[in-house]
Amino acid sequence: MNLNRGKLGGDWEVEVLGAKKKDFGGWSIGKGEVVYDPAKGANSRMMTGEKGWKDYTVECDIKFITSSNYPGGIRTYVDADTGGHYAVWLYPPTKTIKLYSGTAFDINAGIVTLGEHIGMPYDAKEDVFYYVRVVHKGKQIEVWFGKNKDKAELIIEANDNAFKSGLFAFDGYNQPVHFDNILITGLGIPRSDGEAVESQNKLAITWGRPKVE
């Protein structure tokens, strides 16, 4: 999955309330991390994948720079046309993690809370990476969370069939947030083992780890 300086590569695109952008907007790569800066484009998503992706597992590390609401989280089964989706959002002030379904790119449209978890292992520390994993199996949705992959716990389980397939998205709202170590696995989904060959002056992101070359 590639990101070029100045314009998005073919694997990623940025969306702001349904409008696709031709540049990164508030998204960039810094020190090997995916960086979201709301001052450069608030309430936007950086998406990848295909409409037909289903029954997949996505995992990544997520870090919040402040402990204020609302930084965002990640989305799965995103409908690239309507914005319908599932979303896992984190709320640092209350140490809360919620699983939503929604009917549009705007997180507030048609929002339904499918599950929530409060407290440990989420202690809402600033500038610290946490591990999150979302697993789709038919109607079943699992959310795993922890200080790292080895310490991840199942914190939310839900059954819902509002969306049956779709893209993945990093989700930013009005606070800065960083992501790393994105991995998406599932039947028919191409996977990289972390190797990327890019010319200089390009930003590269692989399924396993974002990096600057």
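The values are calculated or read from the model by the stated rules, or taken from the named source; none is laboratory data. No experiment lies behind these values; they were computed from the predicted model shown. FYI the Cβ positions are ideal-geometry reconstructions off the backbone, even for glycines, and counts take in every protein chain you see.
Just to be sure, is Ile97 in contact (Cβ under 8 Å) with a residue 60 or more places away in the chain and farther than 20 Å from Lys51 by Cβ? Steps first, answer last, please.
Numbers: in contact (Cβ under 8 Å) with a residue 60 or more places away in the chain: no; farther than 20 Å from Lys51 by Cβ: yes.
No: the conditions fail for Ile97.
Count of the stretch 134-184 residues, restricted to those that are within 24 Å of Pro38 (Cα to Cα) and either not in a strand (DSSP E or B) or not hydrophobic (A, V, I, L, M, F, W, C) (or both), is 9.
Against the definition (among the charged types (D, E, K, R), surrounded by fewer than 17 Cβ atoms within 10 Å (Cβ to Cβ) and in contact (Cβ under 8 Å) with a residue 60 or more places away in the chain), how does Lys137 come out, yes or no? It is true that Lys137 is among the charged types (D, E, K, R), surrounded by fewer than 17 Cβ atoms within 10 Å (Cβ to Cβ) and in contact (Cβ under 8 Å) with a residue 60 or more places away in the chain. Remark: pairs (first residue in the stretch 152-170, closer than 25 Å to Val14 by Cβ; second residue exposed (fewer than 15 other Cβ atoms within 10 Å of the Cβ); Cβ separation under 6 Å; 6+ apart in sequence or on different chains) = Ser165/Gly52.
Right, Ile62: buried (at least 16 other Cβ atoms within 10 Å of the Cβ), within 16 Å of the chain's Cα centre (by Cα) and at pLDDT 95 or above or not? I'd like the intermediate steps shown before the answer.
Values: buried (at least 16 other Cβ atoms within 10 Å of the Cβ): yes; within 16 Å of the chain's Cα centre (by Cα): yes; at pLDDT 95 or above: yes.
Here the answer is yes, as Ile62 does meet what is asked.
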